[in-house]
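Notes follow the structure.
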Amino acid sequence: MITLLDYLSKNRIVNLAICFAFYLLVTLPHEQVGVGITAIFKGVSRKNYDLTILSICVVLLLIFGASLFLKLRELKKPLIPLGFFSLCILLMILSLNLLIIVNIEIIHFIQYALMAILLFPLCRNFLATLSLVTLLGAIDEAYQYYYLSPQRTNYYDFNDVILNLLGAALGLTLLRSHYGIQEFISTGRQRIHKQVWIMFAAFISFFSLLIWQKEVIHTMINRMGLSFDWKDYWSVLIRKETDGFWTEIPPKIIYHVVQPVEGVVIVSLLLFIYSYLYYQAE
């Protein structure tokens, strides 16, 4: 892995081209992938379908975990990456029970873990990479919500934005477990790279743009008369309100729809927590 990072770091144009191609591969063929999966599992019950996907992902996770634990043996302080790995697994399990409707959505973890690994040599910073991958994941969800299937979606999918972030965190945790990763980190404990703040500002600005769209902050807070209709504040991101904390769809699938404010808070908190991946890296 370190050899791959070193090659990509020295060949930034190649690295950028690979990242761009991979992102397009993740983003553009949503409809084709959905049709293909439906064809593969045609005639299979929903329960067996979910069980099959879950089994495949558990096997992949075990392979991932085995690779990580092998690398931990080379470290003097393995508890830090082990702690982040355990946190990733815990949050992924919670997501599986709270945010995921069908188990195929676990693919978000895999796609964005790979995306984070590919982007890390460009950013050379854990928080910068995680922020950029989160932004790219948010753009992917906006593409689906506003362009690909606006008639079939009732809300901007913050659930998937969180899944994308957790996948990226998992990929970066794998990198953090490698001895020699310190050589690729361009910031120290007391100094945050400028690109981190640029990407975080871009992330917040992106959601602000979605929220306010073309209304320019509701016509500048009604021309500063300060009469603002807070009921419709999130209408751009939510086309149909949920009835409560839990949403139920047939056959007895219960999950939580992450609301806009809730989503931004969760994403910001996760970015803060995983920004400490660099801590005592070896």
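The values are calculated or read from the model by the stated rules, or taken from the named source; none is laboratory data. Here the structure is a predicted model, which is why all the values come from computation and not from measurement. Backbone-built Cβ (ideal geometry, glycine too); neighbour counts: all protein chains shown.
The table below lists the values:
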| item | result |
| --- | --- |
| Sole exception among (1) closer than 27 Å to Pro29 by Cβ; (2) modelled with pLDDT of 90 or more; (3) in contact with a Ser or Thr (Cβ under 7 Å, 6 or more places away or on another chain) for Tyr112, by number | (3) |
| Any hit, segment 127-139, residues being more than 15 Å from the chain's Cα centre (by Cα), in contact (Cβ under 8 Å) with a residue 24 or more places away in the chain and surrounded by fewer than 18 Cβ atoms within 10 Å (Cβ to Cβ) | no |
| Selected residue (criterion: surrounded by the most Cβ atoms within 10 Å (Cβ to Cβ)) from residues of segment 64-101 that are without any contact (Cβ under 8 Å) to a residue 60 or more places away in the chain and farther than 17 Å from Arg176 by Cα | Leu96 |
| Meets criteria (assigned to a helix (DSSP H, G or I), within 22 Å of the chain's Cα centre (by Cα), within 28 Å of Tyr146 (Cβ to Cβ) and not small (Gly, Ala, Ser)) for Val26 | yes |
| Any hit, segment 202-213, residues being among the hydroxyl-bearing types (Ser, Thr, Tyr), more than 17 Å from the chain's Cα centre (by Cα), at pLDDT 60 or above and surrounded by 14 or more Cβ atoms within 10 Å (Cβ to Cβ) | no |
| Lone qualifier among Val258, Val264 - being assigned to a helix (DSSP H, G or I) and either modelled with pLDDT of 80 or more or in contact with a Phe, Trp or Tyr (Cβ under 6 Å, 6 or more places away or on another chain) (or both) | Val264 |
| All positions within segment 102-122 that are surrounded by fewer than 22 Cβ atoms within 10 Å (Cβ to Cβ) and farther than 19 Å from Leu68 by Cβ | Val102, Asn103, Ile104, Glu105, Ile107, Leu122 |
